[in-house]
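Worksheet for the structure shown next.
Read-outs: derived from the displayed coordinates by stated rules, not from any lab. Here the structure is a predicted model, which means the values were calculated and not measured. Glycine gets a Cβ as well: all are built from the backbone with ideal geometry, and neighbour counts include every protein chain shown.
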Amino acid sequence: MQVFFQTFIGGVSLGAIYALVALGFSLVYRTMGLVNFAHGNVVMIGAYLASTFYLSVRLPFALAMVVAIVVTGIVGVIIERVLRPLENKDFDLMLIGTIGFGIVLEALAIIIWGATGRAVPSPVPAAPLSIVGIRVRTYDLMVLAIAAAATILLVLFLQRTKRGAAMQAVAMDHEAATAVGIHVGRSNAIAFVIGAALAALAGGLVGPLLYVSPSMGGSLGIKGFAGAILGGFGSIPGAIVGGVAIGVLDSFTAGHFQGYSELVTFLVFTVIIMVRPTGLFGERTVNRA
Amino acid sequence: MSLFARRRVAVLSLVAVTTLALAACKAPGSNDNSSSTNKGGPIKIALVDAQSGQLSSLGAWELKGAKLAVTEWNKTGGINGRQIQLDVFDDQGDPTVGTTVARKIAAEGYIAMIGTAESAVTIAMAPTLQQAGIPNITSGQSPGLVAVKSPFLFLNGPTSTTYDETLAKYIVETKGIRSIALITNNGSFGKGEHDAFTKALSTRGVTPVADQIVTTDQKDFSAALTTIRQKNPQLIFLGAEEVESGLIVKQARSLGITVPFAGAAPQGTPVFADTAGVANIEGTIVSSPYLSNDVNDATKKFAAAYKAAYGEEAELHGAKAYDGAQIVFTALKNSNVATGKALADAIRATKHKGLLGDFAFDDTGVGIFATSIGTITNGKLVAVSS
């Protein structure tokens, strides 16, 4: 029983990170109908920026995170700006474009920070809490709280603000949205910026949990993408549930299947997707292709 | 609608294939002045190691060590009046990329190869190199390297069998610890460590209380570590590369596991210490052929030259690559710059007094059969007094 709960908690904390990554994927997808394959690499850039401002510039962790989020948001703007001429014209080229951006970002990280990577010490040095034999790291609680807060802010933005409503409208029908005077390009740019900011949040938070290196975007990106698909691509609650589910699934398969855990994780994922091709919250999936 | 959906699937699979193709295409070579043959001009030696990716710190150390040896030889006139040209290839720590690199160095006329630091990559490259007749001295230590049985494959250090035999002897016989848990990864290195250590334990009548296998890409070890914690072992054996080992120790400490860890080469590195956090690795028992830079005059001299060249402390992997390069160059000198089988035979015949000890190669391509035990005390690896 102790193993069960401890495994669950370990899975949830990484799952929260996957959920943030999945949110970024889903947000861009629901607005533009585009899978941003550079997203994992944007997470990596966010992780590097946060660790640089935290370790080298010696800002407090929270401030380093804010700076990283802003700078990574600008990276998002640049990606959207470059891809904008292709919007609603050539979808395939845009996809390839995001892959290209991913490779560029990884190369850029190697040029700036070197290929080796770095370890980030935990900003919350407090000892883990012990609850009936289950150990909970204080940093994990912080990650969960921040992820939850970010999700709530995002949902409020989409549902309560005019800009958010405009983005929803573009997601539903971009031609009709243009007809009623919504600037589609701007709405797409905002989606990219928020997506990149979420990526930076995920990257900055995952730094002290893992090891920051130029290739870290790969596995985080794949797990986040799988989370988004599992929850129903384009759905906000789906991304949260899907991301956490992938994290927990990963933890349990690691416990039971050890060396074959990765295989089992994606087998289970495939079966779920076969049974429910639209994911868990799939009925709300937007399809613009 | 369904047409579109199908088209999207097609596009996505195209995208996936393109990504793979692009990754495979990342040209590993950095220097491309091929066409020079073995008849004159510089002697072309390839260094193949991960220069990017999670294992790139290994590649960086290897490069520094090998480069130091090349500089030394070139300063004193090279080999038979010919300079040594060391070209770097990035295998990204990936066996598939490694096989591409193997074909490339065969095609471009390199006569010997230094690297790689990853057993899996070296094993993947071995058949191509054997076919092309290119001797290769690796820093890998998996017993799987010996199992390849290539007459062109040499090791610049002991195999896991030696590391773990020494370690098991110290833990079980000297320290009297018999309640031991294992956590190893399923990569080539981890599997080698697992098998070698389990065997060394069983000859001493010890069965591990827990035997957890993780993947090389795993990030969360809660399940494995909680299982281990419930068995309450006195010591945990760790068989994984630097970064993963560090993450395991960090998570173990946060789960309230306080017993020491033990392992081979990776646990003696600064990357392991940084990833785990220095306070968390106190008391770690390490089996290594190169415990510190202060063992003897040769290591002190090497460490000083290393520090002068790169401004950082030398460590095991740089020393191994340095030894490996020295052995290849000595063999080249002794054989009057032979190539192919003749060079491989010359390497096998080379007796070298290296930083790791005295090399004398046997038929399996292993030249050294001893390691020492150290423990991490106040963040530094210190030899145990025996």
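Given the convex hull of the Cα atoms of the stretch A:190-289, what is a quarter of its surface area in nm²? Working shown, then result.
Values: hull surface 30.0 nm².
Mean orientational projected area (the stretch A:190-289, Cα hull): 7.5 nm².
Using the scaling law 2.2 N^0.38 Å as the reference, what is the normalised Cα Rg of the stretch B:299-378? Please report the intermediate quantities before stating the final value.
Working: Rg = 14.8 Å, N = 80, 2.2 N^0.38 = 11.6 Å.
Its radius of gyration relative to the 2.2 N^0.38 Å reference: 1.27.
Which value, in Å³ per residue, describes the convex hull spanned by the Cα atoms of the stretch A:104-192? Kindly include the intermediate steps, with their values, before the conclusion.
Values: hull volume 15.5 nm³, N = 89.
In the stretch A:104-192, the Cα convex hull volume per residue is 174 Å³.
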DSSP H helices in chain A with Cα extent of 30 Å or more along the helix axis and mean Kyte-Doolittle hydropathy at least 0.5? A:2-32, A:61-83, A:91-113, A:138-160, A:184-206, A:236-257
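May I ask you to work out the translational diffusion coefficient for the stretch B:161-288 at 10 °C, viscosity 1.306 mPa s, via Stokes-Einstein with Rh from the Kirkwood sum over Cα pairs, reported in whole µm²/s? If you can, show how the numbers build up before the last one.
Values: Rh = 14.1 Å.
For these conditions, the coefficient is 113 µm²/s.
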Take the Cα coordinates of the protein assembly as shown, assign each an equal point scatterer, and use the Debye formula without solvent to give log10 I(q)/I(0) at q = 0.06, 0.07, 0.12 Å⁻¹. -0.36, -0.49, -1.26
With an 8 Å Cα cut-off and a minimum separation of 6 or more residues, compute the relative contact order for the stretch A:16-215 in percent. 45 percent
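May I ask for the Rg/Rh ratio of chain B, computed from Cα atoms with Rh as the Kirkwood radius, given to two decimals?
Values: Rg = 21.8 Å, Rh = 21.7 Å.
Checking Rg against Rh, the ratio lands at 1.00.
Considering Cα pairs under 8 angstrom that are at least six residues apart, work out the relative contact order of chain B and quote it in whole percent. Display every interim value, and only then the final one.
Working: 770 pairs, mean separation 65.3, N = 386.
After rounding, I find 17 percent.
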Nearest-0.05 FRET efficiency for A:Arg58 and A:Phe4 at R0 = 56 Å, using Cβ-Cβ distance, is 0.85
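For B:Trp61, B:Trp73, what ranking results if the residue with the fewest other Cβ atoms within 10 Å of its Cβ goes first? Intermediate results must be reported in sequence, preceding the final value.
Working: B:Trp61 28, B:Trp73 19.
Ranked by crowding around the Cβ, least crowded first: B:Trp73, B:Trp61.
For a Förster distance of 30 Å, can you work out the FRET efficiency between the beta-carbons of B:Asp297 and B:Ala342, rounded to the nearest 0.05?
Details: r = 33 Å, r/R0 = 1.11.
Computed FRET efficiency for B:Asp297 and B:Ala342 comes out at 0.35.
Counting alpha carbon pairs within less than 8 Å and at least 6 residues apart, what relative contact order, in whole percent, applies to the stretch B:161-288?
Values: 221 pairs, mean separation 33.4, N = 128.
Answer for the stretch B:161-288 is 26 percent.
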Which values, in whole Å and largest first, are the semi-axes of the equivalent ellipsoid of the stretch A:16-215 obtained as the square root of 5 times each eigenvalue of the Cα gyration tensor? 32, 21, 13
By the scheme Lys and Arg +1, Asp and Glu -1, what is the net charge of all other residues having a beta-carbon under 15 Å from that of A:Ala254? -4
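Using a/c under 1.5 as the rounded threshold, could you call the stretch B:230-345 rounded, prolate or oblate? The axes a ≥ b ≥ c are square roots of the C-alpha gyration tensor eigenvalues, and prolate needs a/b larger than b/c, oblate otherwise. Each step should come with its number before you reach the end.
Numbers: a/c = 3.17, a/b = 2.12, b/c = 1.50.
It comes out prolate by the Cα gyration axes.
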So, counting K/R as plus one and D/E as minus one, what does the shell of residues with Cβ under 12 Å around B:Ser287 add up to? -2
Per its Cα gyration tensor (rounded if a/c is under 1.5, else prolate when a/b beats b/c, else oblate), the stretch A:1-117 is best filed as oblate
